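Novice: Pasting a structure here, questions to come.
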Amino acid sequence: MKGPSSPNPSPSLAKSRTPMATLLWRTFKPDPRASLSHRVAVYLCLFFIVSTLAVLGVYLSVKIVAAIVGSRLRRKSEGVRHSIFENFKAAEVEPDTSETEGKKNESRPVIVGFFHPYCNAGGGGERVLWGAVHATLKEHKRVVCAIYTGDTDVHKAEIIEKVKTRFEIDLDEDRIFIVYLLKRRLVAASTWPRVTLLGQALGSIPLGYEAISKLVPDVFVDTMGYAFTYPLVSLLLNIPVAAYVHYPMISTDMFSTLSLTTQLPKYIYWRIFALMYAFAGAFADVVVTNGTWTFNHIKSVWWLNHLVGLALDRSKKLEFKILYPPCGTADLQKFDITKPRQPIVLSIAQFRQEKRHEIILGEFAKFVKSDAAPPHTQLVLIGSVRDDRDRKRVYELRLLARELGINDDVHFVLEAKWDDVKNYLRTASVGVNAMWNEHFGIGVVEYTAAGLISVVHESGGPMMDIVVPFEGKPTGLYFSTNPSRETTLAGALAKVFSMSPDEQIEYRARAQQSAARFSVENFDRAWLERLRVLLMLEEFCRVDRISRGLPS
C-alpha cells in the first residue's frame with residue numbers, strides 16, 4: 001500500500017527559494033537571438049551592478065575595520081593623554097577668547113600632533129616646524145604640541161636648546177611632548193636603494209601607525225611631506241589632517257625627463273605612483289605650500305583633493321594656500337650694507353645630494369682661477385648633517401675640493417650656531433644656491449635679508465619667489481647648468497665682483513627691502529588662520545564621533 005505522496009511545491013514557493021544570483025542571471029541573461037550591441041549592453045549593466053555592490057562592500061568593510069582599530073588606538077592612548085593633560089593643568093591657564101572656535105573649546109585642552117621624523121635636523125623644514133609650534137603655543141593657551149620624531153638619541157631639552165641656538169625660537173617646554181619613533185629607517189632613502197619613491201611612501205605608513213599608536217592627537221599636522229600617512233590617520237581616527245608641503249614627492253617636471261622609448265617601465269611606475277600620491281593627498285583637510293613652485297605642482301598633482309572633499313563634505317573644499325616659511329629677517333635686515341664686504345661666497349644648505357654642492361665647487365674652482373676673482377676669495381659651505389649618509393657626502397665633497405685644487409679656499413662649517421651663521425651673513429659678499437627646482441630656499445631669503453647678492457639656479461622657488469625684481473630692478477642673478485647657455489655660475493660670480501661698489505650697494509639695498517615678505521610675523525599670522533580652521537574641524541569631528549557612539 002502506497003503512502004501519501006508529498007505534495008509538489010507550488011511554483012511561487014520554488015521561485016521564492018531560488019538563489020539571488022540565479023534571479024539576477026535570469027533577469028539579465030542576454031537573449032542569444034538579440035543583437036550584439038544589446039547583449040553587450042546587458043553585460044555592462046550586470047557588470048555595473050556587481051561592481052557597485054563590491055565597491056560598497058569594500059567601503060563598508062573599511063569603515064567598520066577603521067572604526068574598530070581607531071577605537072582601540074584611542075583606548076590604548078588614554079593613559080598617555082591623561083598624563084599629558086594632568087601636567088597641562090588646564091584650569092590654571094587662560095582660556096582662548098577666539099569667537100570663531102566657540103565656547104565649548106575654551107577649557108578643553110587639545111593636542112596638535114606634528115609629524116616630523118627629523119625634527120632635530122636644523123634645516124629649513126625644521127624652521128617651519130618650530131615656527132608653527134611657537135606660534136601655536138603663543139596664541140592658544142589650551143593647546144599642547146606633540147612632536148613625532150625619530151631622533152631617539154637626543155632628549156627633549158637638547159632638542160629645544162638647539163631650536164633656540166639655531167633659530168632663536170624660545171619654546172614653552174612644558175607644553176611640548178616628544179613622541180619617539182623607532183621605525184624612522186623605513187622612510188630613509190638609504191633603506192630603499194631601488195624604487196626609492198615607493199619605498200619611502202609605503203614605509204611612512206607603518207611609521208605613521210607607530211606614531212598614532214603611541215599618542216592619538218586631536219589634530220594631525222605633517223610638516224615633512226609624508227602624504228601616505230593621511231588616509232591612515234583620517235580613516236582610523238577621524239581627525240583633521242593638515243599638510244605643509246615643502247616639495248611634492250612627484251611632479252609633472254619629472255615626466256619630461258623620461259624617454260618613452262627607452263624608459264617606458266619607469267614612466268609607467270611614476271604614473272602609477274602619481275595616482276597613488278593624488279589619492280593620499282585627497283585626505284588632507286588643510287593644504288599649504290611653501291612657495292609658488294610647490295603650489296603649482298601640488299595643485300596639479302593633488303587633483304583628487306577637491307573631488308573627494310565634495311564627496312565627503314569636508315573642508316577639502318578650501319583652496320590651497322601659499323605660506324612662506326618663517327625666516328629670521330628682522331635682525332638680518334639691520335645689517336649695514338654700506339660697509340665693505342669680504343670676498344666670501346657663501347652657501348647655506350643641508351649636505352644632501354639634491355643641493356648639488358659639487359656644482360658649486362666646480363664652478364667656484366673655475367672662477368677662483370680666473371682673472372675675475374679678487375685676491376683671497378673664499379667659499380664657505382654651511383650646513384647640517386642628519387645621518388651617516390650626509391657625513392659621507394661631506395667627506396666626498398672635501399675630496400673633490402682637494403682634487404680641484406681649491407682645498408685652501410673652501411671651508412666647511414657643520415652644525416653652525418645661528419650667531420656664527422649671522423657673522424658670515426654680515427661679512428660675505430655673495431650667496432649661492434645650486435639646487436634644481438629648489439622648493440623654496442630659506443637660505444636664499446637669509447642672503448637677501450642680510451644684503452648679500454644672491455646667485456641662484458634659474459628654477460624653482462629662488463627664481464619665482466625670492467630673487468625677484470624689486471621696484472622693477474634686479475635683486476640678484478640667475479645661472480644655468482645647461483652647456484648651451486652662457487649664464488654659468490662662474491660667469492655670474494665674475495659679474496658680481498666686477499660691479500662697482502655703488503652698484504653692489506644698490507643690489508644689496510633692493511634685496512634687503514624685498515625680504516620683508518618672509519618675516520616671522522607674516523608666517524605667524526597666516527599659520528594661525530589655518531590653525532583656526534583646523535580647531536573648528538577638530539570640534540566638528542569630535543561631535544561626529546560622539547554622535548556615532550565612538551570614543552571622543
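The values are calculated or read from the model by the stated rules, or taken from the named source; none is laboratory data. Note that the structure is a prediction, hence the values are computed from the model and not measured. Here the Cβ positions follow ideal geometry from the backbone for every residue, glycine too, while neighbour counts run over all protein chains shown.
Novice: Yes or no: Gly460 more than 15 Å from Pro343 (Cα to Cα) and in contact (Cβ under 8 Å) with a residue 12 or more places away in the chain?
Specialist: yes
Novice: Met499 - would you say it is closer than 27 Å to Glu363 by Cβ and touching a His at 6+ places or on another chain (Cβ under 8 Å)?
Specialist: The answer is no for Met499.
Novice: Of all the residues that make up segment 355-401, how many are part of a strand (DSSP E or B) and either touching a Gly at 6+ places or on another chain (Cβ under 6 Å) or of a type in the set (Gly, Ala, Ser) (or both)?
Specialist: Here is the first cut: in segment 355-401, the residues part of a strand (DSSP E or B) are 378-383.
Narrowing the set further to residues that are either touching a Gly at 6+ places or on another chain (Cβ under 6 Å) or of a type in the set (Gly, Ala, Ser) (or both) leaves 383.
Residues in segment 355-401 being part of a strand (DSSP E or B) and either touching a Gly at 6+ places or on another chain (Cβ under 6 Å) or of a type in the set (Gly, Ala, Ser) (or both): 1 in total.
Novice: Further question on the same structure: Any idea which residue in segment 473-513 is surrounded by the most Cβ atoms within 10 Å (Cβ to Cβ), counting only those that are more than 33 Å from the chain's Cα centre (by Cα), among the hydrophobic types (A, V, I, L, M, F, W, C) and assigned to a helix (DSSP H, G or I)? First the steps, then the outcome.
Specialist: Step one: list which residues in segment 473-513 are more than 33 Å from the chain's Cα centre (by Cα), which gives 484, 486, 491, 494-506.
Subsequent filtering for residues that are among the hydrophobic types (A, V, I, L, M, F, W, C) retains 494, 496-497, 499, 505.
Narrowing further to those that are assigned to a helix (DSSP H, G or I): 494, 496-497, 505.
Details: Ala494: 16, Val496: 22, Phe497: 18, Ile505: 16.
Only one residue fits best here, namely Val496.
Novice: If I filter segment 320-337 down to residues being out of contact with any helix residue (DSSP H, G or I) (no Cβ under 6 Å at 6 or more places or on another chain) and modelled with pLDDT of 80 or more, which single residue comes out as farthest from Asn290 (Cα to Cα)?
Specialist: Applying the filter and picking the extreme gives Asp336.
Novice: Go through segment 169-195 and count every residue that is of a type in the set (Ser, Thr, Tyr) and at pLDDT below 95.
Specialist: Pass one, segment 169-195, residues of a type in the set (Ser, Thr, Tyr): 180, 190-191.
Retained after the next criterion (residues that are at pLDDT below 95): 190-191.
The total comes to 2.
Novice: Going through Val154, Val195 one at a time, which residue ends up being surrounded by fewer than 19 Cβ atoms within 10 Å (Cβ to Cβ), on the phi > 0 side of the Ramachandran plot, of a type in the set (A, V, I, L, M) and not assigned by TED's automatic domain parsing to the domain that holds Gly443?
Specialist: So the residue among Val154, Val195 that is surrounded by fewer than 19 Cβ atoms within 10 Å (Cβ to Cβ), on the phi > 0 side of the Ramachandran plot, of a type in the set (A, V, I, L, M) and not assigned by TED's automatic domain parsing to the domain that holds Gly443 is Val195.
Novice: Still on this structure: Return the pairs, sorted by first residue and then second, in which the second residue is assigned to a loop (DSSP other than H, G, I, E, B) and of a type in the set (Gly, Ala, Ser), the first residue lies in segment 354-379 and is touching a residue at least 60 places away in the same chain (Cβ under 8 Å), the beta carbons are less than 6 Å apart, and the residues are 6+ apart or on different chains.
Specialist: Listed pairs, sorted by first residue: Lys355/Ala349; Arg356/Ala434; Ile359/Ala434; Ile360/Ala434; Phe367/Ala373.
Novice: From the list Thr252, Thr229, Thr262, exactly one residue is outside the structural domain of His439 (by TED's automatic domain parsing) and free of Cβ contacts under 8 Å to residues at least 24 places away in the same chain. Which is it?
Specialist: Result: Thr262 is the single residue among Thr252, Thr229, Thr262 that is outside the structural domain of His439 (by TED's automatic domain parsing) and free of Cβ contacts under 8 Å to residues at least 24 places away in the same chain.
Novice: Just to verify a result, which residue in segment 207-226, among those that are farther than 24 Å from Val301 by Cα and either of a type in the set (Gly, Ala, Ser) or without any contact (Cβ under 8 Å) to a residue 60 or more places away in the chain (or both), is surrounded by the most Cβ atoms within 10 Å (Cβ to Cβ)?
Specialist: Ranking the candidates gives Ala211 first.
Novice: Continuing with the same structure: When residues of segment 520-544 are filtered for being surrounded by 16 or more Cβ atoms within 10 Å (Cβ to Cβ) and more than 22 Å from the chain's Cα centre (by Cα), how many remain?
Specialist: 4
Novice: Between Phe440, Phe470, which is buried (at least 24 other Cβ atoms within 10 Å of the Cβ) and in contact (Cβ under 8 Å) with a residue 24 or more places away in the chain?
Specialist: Phe440
Novice: While we're here: Taking segment 242-253, which residues are of a type outside the set (Phe, Trp, Tyr) and either at pLDDT 80 or above or not in a helix (DSSP H, G or I) (or both)? I'd like the intermediate steps shown before the answer.
Specialist: Restricting attention to segment 242-253, the residues satisfying the condition of being of a type outside the set (Phe, Trp, Tyr) are 242-243, 245-246, 248-253.
Ala242, Ala243, Val245, His246, Pro248, Met249, Ile250, Ser251, listed by residue number.
Novice: Is one or more of the residues making up segment 131-141 in a loop (DSSP other than H, G, I, E, B) and either surrounded by 24 or more Cβ atoms within 10 Å (Cβ to Cβ) or at pLDDT below 95 (or both)?
Specialist: The answer is yes, given that some residue of segment 131-141 is in a loop (DSSP other than H, G, I, E, B) and either surrounded by 24 or more Cβ atoms within 10 Å (Cβ to Cβ) or at pLDDT below 95 (or both).
Novice: Can I ask one more? From the list Thr481, Thr487, Thr475, which one is closer than 30 Å to Thr165 by Cβ, of a type in the set (S, T, N, Q) and not assigned by TED's automatic domain parsing to the domain that holds Val128?
Specialist: Thr475
Novice: Run down Phe295, Phe320, Phe279 and say which single residue is surrounded by 14 or more Cβ atoms within 10 Å (Cβ to Cβ), more than 26 Å from Glu458 (Cβ to Cβ) and not hydroxyl-bearing (Ser, Thr, Tyr).
Specialist: Details: Phe295 fails: more than 26 Å from Glu458 (Cβ to Cβ); Phe320 fails: more than 26 Å from Glu458 (Cβ to Cβ).
Sole residue among the options that is surrounded by 14 or more Cβ atoms within 10 Å (Cβ to Cβ), more than 26 Å from Glu458 (Cβ to Cβ) and not hydroxyl-bearing (Ser, Thr, Tyr): Phe279.
Novice: What number of residues within segment 196-220 satisfy the criterion of being closer than 17 Å to Val241 by Cβ and either modelled with pLDDT under 95 or small (Gly, Ala, Ser) (or both)?
Specialist: 5
Novice: Still on this structure, I have one more. When the residues of segment 319-354 are filtered to those that are closer than 18 Å to Gln512 by Cβ and outside any loop (DSSP other than H, G, I, E, B), which remaining residue is nearest to the chain's Cα centre (by Cα)?
Specialist: Step by step, filter segment 319-354, then rank; the result is Ile348.
Novice: When segment 373-420 is examined, which residues are found to be within 15 Å of Phe351 (Cα to Cα) and either in contact with a His (Cβ under 6 Å, 6 or more places away or on another chain) or small (Gly, Ala, Ser) (or both)?
Specialist: If the condition is that a residue be within 15 Å of Phe351 (Cα to Cα) and either in contact with a His (Cβ under 6 Å, 6 or more places away or on another chain) or small (Gly, Ala, Ser) (or both), then Val380, Gly383, Ser384, Leu397, Ala401, Ala416 are the ones that fit.
Novice: Going by the conditions given, is Leu400 over 21 Å from Ile453 (Cβ atoms), surrounded by fewer than 18 Cβ atoms within 10 Å (Cβ to Cβ), of a type in the set (A, V, I, L, M) and not assigned by TED's automatic domain parsing to the domain that holds Gly124?
Specialist: Spelling it out, Leu400 is indeed over 21 Å from Ile453 (Cβ atoms), surrounded by fewer than 18 Cβ atoms within 10 Å (Cβ to Cβ), of a type in the set (A, V, I, L, M) and not assigned by TED's automatic domain parsing to the domain that holds Gly124.
Novice: Separate question: With the structure loaded, tell me whether Ala243 is in contact with a Ser or Thr (Cβ under 9 Å, 6 or more places away or on another chain), crowded, with 22+ Cβ neighbours inside 10 Å and at negative phi or whether it fails that test.
Specialist: For Ala243, the condition - in contact with a Ser or Thr (Cβ under 9 Å, 6 or more places away or on another chain), crowded, with 22+ Cβ neighbours inside 10 Å and at negative phi - is met.
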